[in-house]
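Novice: I am attaching a structure below and will ask some questions about it afterwards.
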Amino acid sequence: MFERFVAIGDSTTEGLDDPDGSGGYRGWANRLAESIAAAGSGRLLYANLAVRGRIAAQVRAEQLPAALALRPDLASVGAGLNDVLRPSFDVELVVVHVEEMLSALAAAGATVLTFTMPDPGSVMPLARPLRPRLVALNEALRGAARRTGALIVDLGDVPVAGDPRLWSQDRLHPSSAGHARIAAAFAQALQLPGSDGSWADPLPPLERRRPREVVMAEVSWAGMHLLPWVARRARGRSSGDGRLAKRAELAPFP
């Protein structure tokens, strides 16, 4: 069983939006660490170096060296979605950074995890023009995983991953239920005791909303989440400015 788990990446790996009840965020990586610790009689050291807002190049430059220094036997890499949101998105360059992280961690002896992204259009209608970018990124991530031997959870190929009920109000981050499903998917990929494929089971059908309800929901979301994001980008700011990793050192977990 694994003894040293290090997670790197952006806000999804940091844990947004899965509140931990103490003012912070839990997230799929914490949830997976809990499962690993339980399977190994509680013997697990865990670090989470992920910081919200980071693009793939930043994760590689800022987090990969620190992760390698911690000598993990299990590591996860989650990056690329923030790149998709940038006008300068270059899928080949993004995957160069991701593949280098996967390769370096594998070469250091770690079992390496990564994941693709679900289609944002089912959660955020205004994001439908980004679908071709995400399709290209997911296909490139699959190739990087094959070449490096990384275990990949292919959320982009699982319909329930795009169910709005598994996403938070900002439509960019999984909800607590979404993070739980991602953790369960990784547990199955690692063949942890008690894991299975139920994380991919569909939810009951959604009730069809009236057009007016859809419009009002979009207006509310734009005011609460889209406009503040646009304002930050216009100022050259990121939600991760000044933030540090929530678990910068390996420590017993839980």
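For (1) over 25 Å from D17 (Cα atoms); (2) polar (S, T, N, Q); (3) touching a Lys or Arg at 6+ places or on another chain (Cβ under 7 Å), each residue gets a yes or a no:
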residue: R60; (1), (2), (3): no, no, no
residue: L64; (1), (2), (3): no, no, no
residue: L68; (1), (2), (3): yes, no, no
residue: R86; (1), (2), (3): no, no, no
residue: A110; (1), (2), (3): yes, no, no
residue: L113; (1), (2), (3): no, no, no
residue: P118; (1), (2), (3): no, no, no
residue: S122; (1), (2), (3): no, yes, no
residue: L130; (1), (2), (3): no, no, no
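Novice: Yes or no: L81 among the hydrophobic types (A, V, I, L, M, F, W, C), farther than 23 Å from L192 by Cα and touching a residue at least 60 places away in the same chain (Cβ under 8 Å)?
Specialist: In short, yes.
Novice: Looking only at segment 159-170, how many residues end up being more than 19 Å from G9 (Cβ to Cβ) and assigned to a loop (DSSP other than H, G, I, E, B)?
Specialist: Of the residues in that region, 2 qualify.
Novice: Return only the number of the condition from (1) assigned to a loop (DSSP other than H, G, I, E, B); (2) touching a helix residue (DSSP H, G or I) at 6+ places or on another chain (Cβ under 7 Å); (3) in contact (Cβ under 8 Å) with a residue 60 or more places away in the chain; (4) not acidic (D, E) that H179 does not satisfy.
Specialist: (1)
Novice: Looking only at segment 168-182, count every residue that is over 17 Å from N30 (Cβ atoms) and over 12 Å from the mean Cα position of the chain (by Cα) and tell me the total.
Specialist: Residues meeting the conditions: 3.
Novice: Let me ask another. Of all residues in segment 78-100 being β-branched (V, I, T) and over 17 Å from A61 (Cα atoms), which is farthest from the chain's Cα centre (by Cα)?
Specialist: Residue satisfying both the conditions and the ranking: V91.
Novice: If you check A61, A66, A39, which single one turns out to be aliphatic (A, V, I, L, M) and free of Cβ contacts under 8 Å to residues at least 24 places away in the same chain?
Specialist: A61
Novice: Mind listing just one residue for me: the one in segment 46-60 that is in a helix (DSSP H, G or I) and not β-branched (V, I, T) and, of those, surrounded by the most Cβ atoms within 10 Å (Cβ to Cβ)?
Specialist: Among those residues, the one meeting the criterion is A56.
Novice: Also: From the residues in segment 30-74 that are hydroxyl-bearing (S, T, Y) and at pLDDT 95 or above, which one is farthest from A187 (Cα to Cα)?
Specialist: Here the answer is Y46.
Novice: Moving on to the next point. Output the residues belonging to segment 61-111 that are assigned to a loop (DSSP other than H, G, I, E, B), at negative phi, surrounded by fewer than 22 Cβ atoms within 10 Å (Cβ to Cβ) and of a type in the set (G, A, S).
Specialist: S88, A108, listed by residue number.
The values are calculated or read from the model by the stated rules, or taken from the named source; none is laboratory data. On a predicted model such as this, the values are computed, not experimentally measured, just so you know. Reconstructed Cβ throughout: ideal geometry from the backbone, glycine too, with neighbour counts over all protein chains shown.
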